[in-house]
1. For residue B:393, list long-range residues whose amide hydrogen, built 1.01 Å from N in the peptide plane, is under 5 Å from its own amide hydrogen.
2. Can you put A:305, B:112, B:118 in order of accessible area, largest first, using a 1.4 Å probe?
3. Taking N as the number of residues in the protein assembly as shown, what is its Cα Rg relative to 2.2 N^0.38 Å?
4. Once ligands and nucleic acids are excluded and a 1.4 Å probe is used, how much of residue A:143 is accessible, expressed in Å² to the nearest 10?
5. Of the cross-linked pairs B:155/B:353; B:132/B:164; B:154/B:185; B:228/B:249, which ones have a Cα-Cα span greater than 18 Å in the structure shown?
6. For the pair residue A:287 and residue A:206, what calculated FRET efficiency results from E = 1/(1 + (r/R0)^6), where r is the Cβ-Cβ distance and R0 = 30 Å, to the nearest 0.05?
7. Residues with amide H under 5 Å of residue B:101's amide H, sequence separation 5 or more or different chain, H placed in the peptide plane at 1.01 Å from N; which?
8. From the C-alpha gyration tensor of region B:155-254, pull out the three semi-axes of the equivalent ellipsoid (sqrt of 5λ each), sorted largest to smallest, in whole Å.
Amino acid sequence: MSELSVNHLLGIKYLNKQDIQLIFETADHFKEVINRPIKKVPSLRDITIANLFFENSTRTRLSFELAEKRLSADVINFSSAQSSVKKGETLIDTVNNILSMKVDMVVMRHPNPGAGVFLSKHVKASIVNAGDGAHEHPTQALLDSYSIREKYGEVKGKKIVIVGDILHSRVALSNIFALQLQGAQVMVCGPKTLIPKYIDKLGVKVETNLRTALNWCDVANMLRVQNERMDISYFPSTREYTQQFGVNKELLDSLDKEITIMHPGPINRGVEITSDVADSKQSIILEQVQNGVAIRMAVIYLLASKIKQ
Amino acid sequence: MNILIKSATIIDPKSEFHNTTQDILVEKGIISQIGQHLKNPKKYQEITFENLHISQGWFDSSVCFGEPGFEERETIKNGLKTAAVSGFTTVAMNANTHPVIDSNSDIAFVQSKAQNHSVTLLAIGALTRESKGEDLAELYDMKNAGAIAFYDYKKPIANPNLMKLALQYTSNFDGLVCSFPQDNKITGLGVMNENITSTSLGLKGNPNLSEELQVSRDLFLLEYTQGKLHIPTISTAGSVSLIREAKKKKLDVTCSVAIHNLFFTDDIITDFNTAYKVLPPLRTQEDVDALIEGVKDGTIDMVTSDHNPIDIELKKVEFDHAAYGTIGLESAFGALQSLFTLKKTIDILTKGKARFGIEQSTINIGNALNVTLFNPDIKYTFSTKDIISKSKNAIFENQALKGKAYGIISNGQLFLN
């Protein structure tokens with residue numbers, strides 16, 4: 001099989017195992033490309049991509065833009081912290097206006113869950129979801145799995161704990177779907193107020209004691225607390241959160257085995273992980289960032305090849 | 001009105017002709033003869049339809065027509081036409097208009113718009129001024145103007161003391177208070193049922209707990225005040241249990257359920273389809289089973305279409321931003337028949353009136369004719385061509401339904417589709 005089963009990347013839940021395998025194999029190639037002296041290939045010279053960010057983003061937007069440019073695509077950027085609805089224009093109208101300038105693909109980040117799915121039903125372009133509310137962030141999950149595969153050889157059979165604000169996290173949800181699809185075991189860990197009540201029905205373990213969770217896992221993916229998505233305080237103070245769910249070097253060194261630390265960024269140093277953990281040899285946080293470009297190149301390349309058909 | 005209805009199977013347990021096929025002669029709006037092979041010497045209009053059935057006129061306890069203020073969603077005129085085509089002779093219209101129906105002149109306006117129509121429109125007044133949940137509206141005055149109940153449509157009364165006062169105050173004049181079963185603080189930003197589907201879609205959940213807390217609270221207040229309460233559109237198994245227990249205690253409480261909450265479960269919302277965004281939200285199979293049991297054993301007093309036309313601009317948007325609601329009059333009979341027997345369906349469609357103080361007219365000689373004509377056996381897939389409403393937000397689109405109305409005879413008028 002040499003093409004994706006989907007025309008859009010809306011979420012991991014819409015992919016199959018072979019899709020993930022294909023994306024990883026393609027990313028292997030692009031990772032080699034971006035480490036060459038000339039980091040660019042001409043593959044998408046005839047493709048125009050719009051990056052629409054209706055929510056603040058720095059690293060994801062830069063990573064996508066870099067991936068697009070390394071594939072020689074034409075790129076336009078649109079950023080607005082305000083959602084289109086607040087400005088009085090509907091999302092469909094905003095995107096159709098941009099598409100009428102002959103754009104082939106839309107990379108979109110949006111504060112509402114399902115915005116990408118909604119758009120894919122109403123506009124004629126290939127859609128890449130760069131994060132939709134607390135729903136999915138598929139390229140992040142792909143690069144996370146890719147980084148685990150790089151470190152351990154395969155994802156299958158590995159034990160991964162996702163720590164922190166699971167309730168508001170699209171990274172958590174996409175990671176759960178991606179890891180399970182590849183045969184990994186997944187646990188979530190955090191204060192009960194930040195764990196969805198029915199998450200166990202997705203087949204994940206739930207743990208509220210961080211030490212127990214870390215002793216169980218091979219890899220800990222530490223999430224940021226998403227204060228911007230909270231309508232009420234879900235815990236009394238950051239200090240108290242860190243006391244229970246922050247990883248410091250002392251805790252890391254006291255575990256039964258050497259685990260790997262991941263973080264989707266941006267890190268709140270001293271909150272979910274301390275600096276010495278973030279910068280330790282057990283951390284693969286910067287590898288994740290580099291793999292992000294290769295993964296996004298792979299996704300865009302594979303979707304673009306379906307447009308050309 | 002003089003007509004002869006030919007070969008109609010009468011479905012009316014209170015009639016001596018129940019479950020028999022008869023001709024019905026109507027003179028000056030009154031049933032003058034019921035019998036086999038009636039003659040028509042005066043050449044009255046004859047009504048004949050394939051597999052014609054006839055029952056008492058159907059009643060819906062909760063519809064929205066948008067007028068005044070939201071005529072782009074629906075007008076009273078077209079709303080009543082929709083009701084007639086769908087077989088309803090009486091509908092209770094909610095106060096969620098702009099301005100809100102919260103005074104006697106508002107009630108009079110709505111009634112004037114429905115004058116001389118075959119469908120009787122009953123007005124529900126707001127419980128609080130502008131439905132803001134702060135101060136009681138002029139309930140006594142509205143009752144005198146014809147309001148049949150008081151309800152801030154889908155807006156819970158957050159202040160328990162205000163609900164207590166409403167129940168006490170209305171008992172002076174036998175007013176019926178309605179309370180939407182939701183605790184807004186628990187619901188928070190929830191937009192669908194809290195469960196596995198909301199979790200996997202990343203949508204905020206609205207848990208059963210929210211509804212059941214409010215129902216519990218209202219039942220405590222009812223016990224204290226000994227007032228008269230109707231809880232519209234319950235959706236959880238827990239609510240059914242709570243109300244069942246309250247009825248055992250002889251509290252004066254009734255409740256309803258929306259047809260779509262009997263038909264669908266939350267797992268149908270797999271791709272963020274806003275047609276399924278309703279309030280209360282679609283729940284689980286366990287809830288649906290308990291609700292159907294509640295309808296069967298009489299714990300739930302009435303089933304409503306909860307007809308709420310919403311224009312496409314408020315539906316064709318991201319799920320979080322989409323308005324709640326679905327139209328339901330057109331699909332009500334067909335959907336109910338997919339869930340219940342014909343006898344039970346007709347019972348459901350005709351029995352809610354008494355709670356609102358409206359008299360029922362049985363199909364017997366000497367009575368005025370207030371009936372629905374229908375064919376219970378037509379099978380069809382509900383589609384946009386079946387929609388009469390101005391707005392097309394139909395949760396039942398593409399569903400296989402059974403049974404259609406032919407029309408109504410009501411208020412001395414014959415309305416045929």
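1. Long-range HN contacts for residue B:393: B:310, B:327.
2. Largest to smallest exposure gives the sequence B:112, A:305, B:118.
3. Relative to the 2.2 N^0.38 Å estimate, the protein assembly as shown comes out at 1.13.
4. Residue A:143 has an accessible surface of roughly 10 Å² with all protein chains in place.
5. With Cα atoms farther than 18 Å apart: B:155/B:353.
6. For R0 = 30 Å, the calculated efficiency reads 0.60.
7. It is B:126, by chain and number.
8. In descending order, the three semi-axes are 28, 14, 9 Å.
The values are calculated or read from the model by the stated rules, or taken from the named source; none is laboratory data. The structure presented is a predicted model; accordingly, all values stated were derived computationally and were not measured. Backbone-built Cβ (ideal geometry, glycine too); neighbour counts: all protein chains shown. Keep in mind that these areas ignore ligands, DNA and RNA; they rest on the heavy atoms of the full protein, side chains included. Shrake-Rupley method; radii C 1.70, N 1.55, O 1.52, S 1.80 Å.
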